[in-house]
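Right, one structure below, let's go through it.
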Amino acid sequence: MRDLSLLTWSEIKDIDKSKSMVFTVIAPIEEHGTHLPLATDIIEGEYWSKGAMTEIERRSGAECFYLPPFPVAAASVNEFYGSIHFTMKTVCDVTYAVIESIRFMGFKNIVVIASHADPQHQIAVEKAVRKINKRHGLCAIAPMGQIFMGVSAEKSDKLENMEKEHGNDFHAGRIETSSLLDIDPRYVRNGYNKLPDSVITEKDMISRERQLAAMGKYGYIGAPGSSSVELGKDLNDNCIASICDAAVKFFRRDGYQKYEHYSLYNILPLHFGFLPIAGRVRRKRVTG
């Protein structure tokens, strides 16, 4: 795999685009509790992408390239230090511009890793991908929405059981803390294992006010205290395998469809963020 941004324009010109794939991570700088860094989603996206690219080059014969991550994302909660969010329209426009630029270089296989599970973000990214594919022919896929929804490569029994038991671990909880413990434990602050559980139902996640109430003074929703390196390895390995599966199938244009369209995309209220007033980012001066 090679960093596309470190090549010259003439070197890019000489790449066999029909045998290449380009990965780009689009994820936020945002708070992840008192125990995880602002770049958590970017760190995960880069780690998963590079793990998948290694396997893709081994399995498919495709040469993989990547770009530095684009720290652009939509989300609903901005009441903590460190969060830099954008409107859904901005995320869609930036994603579209990035993909179109790569397409105009001649690449035909572009994988967008939107490593931020917020439905607003996933919908904005997918809208950009749909527009690109409609205008320029099938050239891009954003599989993370479906992977976050559970469409993936084969999971271990341990991982299946964990997801059933901890289905409401939404933000900087057991899942993300375990993921970073496996990637590099230095990212996780001391004392994470003593943090109390923060519980909310999937239905209540629709309400911004209830999200804030659940996040309390810490800024997470889930159970970071029960995180482990072992769980993180299972989670990361599964995510890498799922991205690899989606990308290889897309490269071969066979069987990729299950990853193609986010299952929450057709829920109309989730698109209200594209409206000028309803979709504005509610920035708030943080105090404390």
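Please enumerate the residues belonging to segment 110-134 that are charged (D, E, K, R), surrounded by fewer than 23 Cβ atoms within 10 Å (Cβ to Cβ) and in contact with a helix residue (DSSP H, G or I) (Cβ under 8 Å, 6 or more places away or on another chain).
Those that are charged (D, E, K, R), surrounded by fewer than 23 Cβ atoms within 10 Å (Cβ to Cβ) and in contact with a helix residue (DSSP H, G or I) (Cβ under 8 Å, 6 or more places away or on another chain): K127, K131.
Determine which member of the set D254, D204 is farther than 19 Å from S115 by Cα, acidic (D, E), modelled with pLDDT of 95 or more and surrounded by fewer than 21 Cβ atoms within 10 Å (Cβ to Cβ).
Of D254, D204, the one residue that is farther than 19 Å from S115 by Cα, acidic (D, E), modelled with pLDDT of 95 or more and surrounded by fewer than 21 Cβ atoms within 10 Å (Cβ to Cβ) is D254.
For every residue, the table says whether it meets (1) over 22 Å from R253 (Cα atoms); (2) among the aromatic types (F, W, Y); (3) under 20 Å from the mean Cα position of the chain (by Cα).
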site	(1), (2), (3)
V125	no, no, yes
R135	no, no, no
G150	no, no, yes
G173	yes, no, yes
R189	yes, no, no
V199	yes, no, no
G219	yes, no, yes
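Given the residues E154, E176, which is the only one that is in contact with a His (Cβ under 8 Å, 6 or more places away or on another chain) and under 25 Å from E55 (Cα atoms)?
E176
Where in segment 138-185 are the helices (runs of 4 or more DSSP H), entirely inside, with at least 2 residues that are in contact with a strand residue (DSSP E or B) (Cβ under 9 Å, 6 or more places away or on another chain)?
174-183
Being part of a helix (DSSP H, G or I) and either over 19 Å from R130 (Cα atoms) or hydroxyl-bearing (S, T, Y) (or both) is true for just one of G219, G232. Which residue is that?
G232
Sort out which residues of segment 238-282 are free of Cβ contacts under 8 Å to residues at least 60 places away in the same chain, assigned to a helix (DSSP H, G or I) and over 18 Å from N133 (Cβ atoms), and write them in order of number.
Result: L268, P269, F272.
Kindly evaluate F80 against the criterion of being within 28 Å of E11 (Cβ to Cβ) and assigned to a loop (DSSP other than H, G, I, E, B).
For F80, the condition - within 28 Å of E11 (Cβ to Cβ) and assigned to a loop (DSSP other than H, G, I, E, B) - is not met.
Would you be able to say whether some residue in segment 110-124 is part of a helix (DSSP H, G or I), in contact with a Cys (Cβ under 9 Å, 6 or more places away or on another chain), of a type outside the set (S, T, Y) and at pLDDT 95 or above?
Among the residues of segment 110-124, at least one is part of a helix (DSSP H, G or I), in contact with a Cys (Cβ under 9 Å, 6 or more places away or on another chain), of a type outside the set (S, T, Y) and at pLDDT 95 or above, which makes the answer yes.
Do the conditions hold for S178, that is, is it among the small types (G, A, S) and modelled with pLDDT of 95 or more?
Yes, satisfied.
Report the residue count in segment 1-36 for those that are surrounded by fewer than 18 Cβ atoms within 10 Å (Cβ to Cβ), assigned to a loop (DSSP other than H, G, I, E, B) and of a type outside the set (D, E, K, R).
Qualifying residue count, segment 1-36: 3.
Determine the pairs where a residue that is more than 30 Å from E63 (Cβ to Cβ) and at pLDDT 95 or above, located within segment 26-52, has a partner that is charged (D, E, K, R) and assigned to a loop (DSSP other than H, G, I, E, B) with Cβ atoms under 8 Å apart, the partner being 6 or more residues away or on another chain.
Close Cβ pairs satisfying both conditions: T34/R189; H35/R189; L36/R189; L38/E30; L38/E31.
Examine segment 135-157 for a residue that is of a type in the set (S, T, N, Q), farther than 16 Å from I240 by Cα and surrounded by fewer than 18 Cβ atoms within 10 Å (Cβ to Cβ), and state whether such a residue exists.
No.
Out of the residues in segment 207-251 meeting the condition of being closer than 18 Å to P119 by Cα and of a type in the set (S, T, Y), tell me which one is surrounded by the fewest Cβ atoms within 10 Å (Cβ to Cβ).
S207
The values are calculated or read from the model by the stated rules, or taken from the named source; none is laboratory data. Because the structure is predicted, anything quoted here is derived from the model rather than measured. No Cβ is skipped: glycine too gets one built from the backbone with ideal geometry, and neighbour counts run over all protein chains shown.
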